[in-house]
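Visitor: Attaching a single structure in structure tokens format; questions to follow.
The values are calculated or read from the model by the stated rules, or taken from the named source; none is laboratory data. As the structure is a computational prediction, the values presented were derived from the model and not from experiment. Please note: Cβ atoms are built from the backbone with ideal geometry, for glycine as well, and neighbour counts cover all protein chains shown.
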Amino acid sequence: MSERTIFLVDDSELILSMVSAALQTAGYKVRALARWEALNAELEQSKPDMILMDINMPEMTGDSALSFFREARGLEDVPIYLYSDIDIRALERRAEACGADGFISKGWGIERLMSEVEQVLAGD
């Protein structure tokens, strides 16, 4: 089986570091991206197996950026999940409203994140 690639988009260096380490330990290839420009540049080069996208980012929220990236970069078949620490009901509503494939709360912790990612990538 080839190594699965996850693009993690978050403006927090701590989140990028912790989540990247956990995903890499589980065998995933991770591109940790702190800005939308970096995501755009990566998408010009390759397509990931999954994108985890923070909502509260500088310049533009993740839910606003999602439709742009999905359409402009041809990501219709790439699962894109909002990954945030906002209230779970608000996160669910925003994920549904912007057309995300789902959401993962940062409050659920690393173990639940890993379980959710594994489930998503096992299903495609």
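Visitor: For residue 22, are the conditions met, namely being touching a helix residue (DSSP H, G or I) at 6+ places or on another chain (Cβ under 9 Å) and closer than 23 Å to residue 119 by Cα?
Guide: Here the answer is yes, as residue 22 does meet what is asked.
Visitor: Ok, one more. Pairs under 9 Å by beta carbon, first residue in contact (Cβ under 8 Å) with a residue 60 or more places away in the chain and under 26 Å from residue 108 (Cα atoms) in region 69-92, partner among the small types (Gly, Ala, Ser) and surrounded by 12 or more Cβ atoms within 10 Å (Cβ to Cβ), six or more apart or different chains?
Guide: Here the result reads 83/62; 83/105, each pair linking region 69-92 to a residue that is among the small types (Gly, Ala, Ser) and surrounded by 12 or more Cβ atoms within 10 Å (Cβ to Cβ).
Visitor: Looking only at region 88-109, decide whether some residue is over 21 Å from residue 5 (Cβ atoms) and assigned to a loop (DSSP other than H, G, I, E, B).
Guide: Checked region 88-109: at least one residue is over 21 Å from residue 5 (Cβ atoms) and assigned to a loop (DSSP other than H, G, I, E, B).
Visitor: Among the residues of region 39-93, write down those that are among the small types (Gly, Ala, Ser), surrounded by 15 or more Cβ atoms within 10 Å (Cβ to Cβ) and at pLDDT 80 or above.
Guide: If the condition is that a residue be among the small types (Gly, Ala, Ser), surrounded by 15 or more Cβ atoms within 10 Å (Cβ to Cβ) and at pLDDT 80 or above, then 65, 84 are the ones that fit.
Visitor: Separate question: Say whether the condition of being buried (at least 20 other Cβ atoms within 10 Å of the Cβ) and in a helix (DSSP H, G or I) is met by at least one residue in region 16-29.
Guide: Restricting attention to region 16-29, the residues satisfying the condition of being buried (at least 20 other Cβ atoms within 10 Å of the Cβ) are 19, 23, 28.
Checking which are in a helix (DSSP H, G or I) leaves us with 19, 23.
Yes; the residues of region 16-29 include at least one that is buried (at least 20 other Cβ atoms within 10 Å of the Cβ) and in a helix (DSSP H, G or I).
Visitor: Checking residue 51 against (1) within 18 Å of residue 94 (Cα to Cα); (2) assigned to a helix (DSSP H, G or I); (3) of a type in the set (A, V, I, L, M), only one condition comes out false. Which one?
Guide: So the condition that residue 51 fails would be (2).
Visitor: Same structure again: Restricting attention to region 65-87, which residues are of a type outside the set (Lys, Arg) and assigned to a helix (DSSP H, G or I)?
Guide: As a first pass, look at region 65-87 and keep what is of a type outside the set (Lys, Arg): 65-69, 71-72, 74-87.
Answer for region 65-87, where residues must be of a type outside the set (Lys, Arg) and assigned to a helix (DSSP H, G or I): 65, 66, 67, 68, 69, 71, 72.
Visitor: Kindly indicate whether residue 31 is basic (Lys, Arg), under 13 Å from the mean Cα position of the chain (by Cα) and at pLDDT below 90. Give the steps one after another, and end with the answer.
Guide: Working: basic (Lys, Arg): yes; under 13 Å from the mean Cα position of the chain (by Cα): yes; at pLDDT below 90: no.
So residue 31 does not fit the description; no.
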